[in-house]
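Values in this text are rule-based calculations from the coordinates and carry no lab data. Because the structure is predicted, anything quoted here is derived from the model rather than measured. Cβ placement follows ideal geometry from the backbone for every residue including glycine, while neighbour counts extend to all protein chains displayed.
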Amino acid sequence: MIEAGAIDCDIHPTVPNLKALLPYMNDHWREMVITRGMDELNSISYPTHSPITARADWKPAEGKPASTLARVQAECLDPFRTSIAICNCLYGVQLLFSEDMASAFSRAVNEWMAREWLDKDARLRASIIVQTQNVEMAVDEIERCAADPRFVQILLLASGDHPLGKRMYWPIYAAAERHNLAIGIHAGSNYHNPPTAVGWPSYYTEDYVAQAQAFQTQLTSMVCEGVFSRYGHLKVVLLESGWTWLPAHLWRLTKYWRGLRMEIPWVDRSPTEIVKSNVRLSLTPTDAPPDKAGLEKIIEHMQSDELLLFSTDYPHGQFEGMGVIPEGLSADLVRKIMVDNPRATYSRLLETVS
């Protein structure tokens, strides 16, 4: 059941190769890339040949999946009757240790996105790619891109150097609130730290499953450190996080907030209420029970029909055919997930969409 006018909150146009970014670098960084013989900054946390990285029918015979506008239009935008799609380009700028180089690549990716994608299809919007190695530089890039209303979000990773609630990151949230930008936290890691709390795993399966724990940690950090107390209008979207873990996590977090709230007096609302007002989650991947009754129980436990946002996660392989909407959702809820909730979350969409 695909609702006409769908707003897809998570698609992944792919930088085809490093050469594609060179026209969007200044002379110094273009020369550095060429002189050093730099290769690719591969997509974060998505091994090229892993089955989940791209669905089989979305893998081209040559080149990378989702690396041309024509493919994205034919495989994603047109079939899903998409009116707007938010591009979250996963490129390895966060892997770099040089703050200056990371900023140069962030700017190049954002310019490439604006010129090669947003300029060529009016349905597209994008997230601002930033490095968090240097928050001041990240804010400079946000300020630069915010002048273009087609950028509707700032993209961060679920796993990085520090919990995202730390005050070192607050200038990013201040800039987001100032410009009505959402904060998107996407599955991925800069791999400066192990992706699990107990060290390095052996297999990609372990890494991917552990992303849910990273999202839980980041959500807890942002609540307990007081991000939402300070920035009350901020919207944070958890992208490719799964979502069925949320009710149990909130029950636990709210229970211990009640018992330990004297430690964090600035958290003056329950974590459950904060999430209902300030946090959203992308629909895909749907990690729900396969039966209709089980899915309905999970939806009931979420206690809100405003939390989920439609996403295909294109070209990642999370479902088959057109089966992006789980069976068993009511028509009213599907409408909210596919259209109403994204519009309410991304206020900048209203600046460019009638």
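Numbers at a glance
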item: Full-stretch length increase - Ala293, Leu350 - with 0.36 nm per residue and alpha-carbon distance subtracted; result: 16.9 nm
item: Cα lying deepest toward the dipole's positive end in the chain, options Thr196, Phe97, Leu238, charges on Cβ; result: Leu238
item: Debye, to nearest 20: dipole size of region 82-182, +1 on Lys, Arg Cβ, -1 on Asp, Glu Cβ; result: 320
item: Debye, to nearest 20: dipole size of region 6-352, +1 on Lys, Arg Cβ, -1 on Asp, Glu Cβ; result: 600
item: Modelled FRET efficiency - R0 56 Å, Thr35 with Ile264, Cβ distances, 0.05 increments; result: 0.65
item: Residues whose placed amide H lies under 5 Å from that of Arg125, excluding near-sequence neighbours; result: Ala85, Ile86, Cys87
item: Gain in span if fully extended, Tyr203 to Asn134, counting 0.36 nm per residue against the direct Cα distance; result: 21.8 nm
item: Amide proton proximity set for Gly165, modelled H, under 5 Å, gap of 5+; result: Met222
item: Computed [θ] at 222 nm, helices only, for the chain once each DSSP H run of length n ≥ 4 contributes -39500 (n - 2.57); result: -10000 deg cm²/dmol
item: Convex hull of Cα atoms in the chain, direction-averaged projection (nm²); result: 17.4
item: Radius of gyration and Dmax over the Cα atoms of region 81-199, both given in Å; result: 14.2, 45
item: Where Rh is the Kirkwood radius over Cα pairs, Rg/Rh for region 17-103; result: 1.02
item: Alpha carbon Rg of region 151-292, scaled by the compact-globule rule 2.2 N^0.38 Å; result: 1.04
item: Alpha-carbon gyration tensor eigenvalues x 5, square-rooted, for region 268-332, Å; result: 24, 15, 9
item: Projected label distance in nm at Arg115 and Leu22, using a 7 Å step from Cα toward the beta-carbon; result: 1.3
item: In the chain, lysine pairs closer than 19 Å at Cα, eight or more apart or cross-chain; result: 9
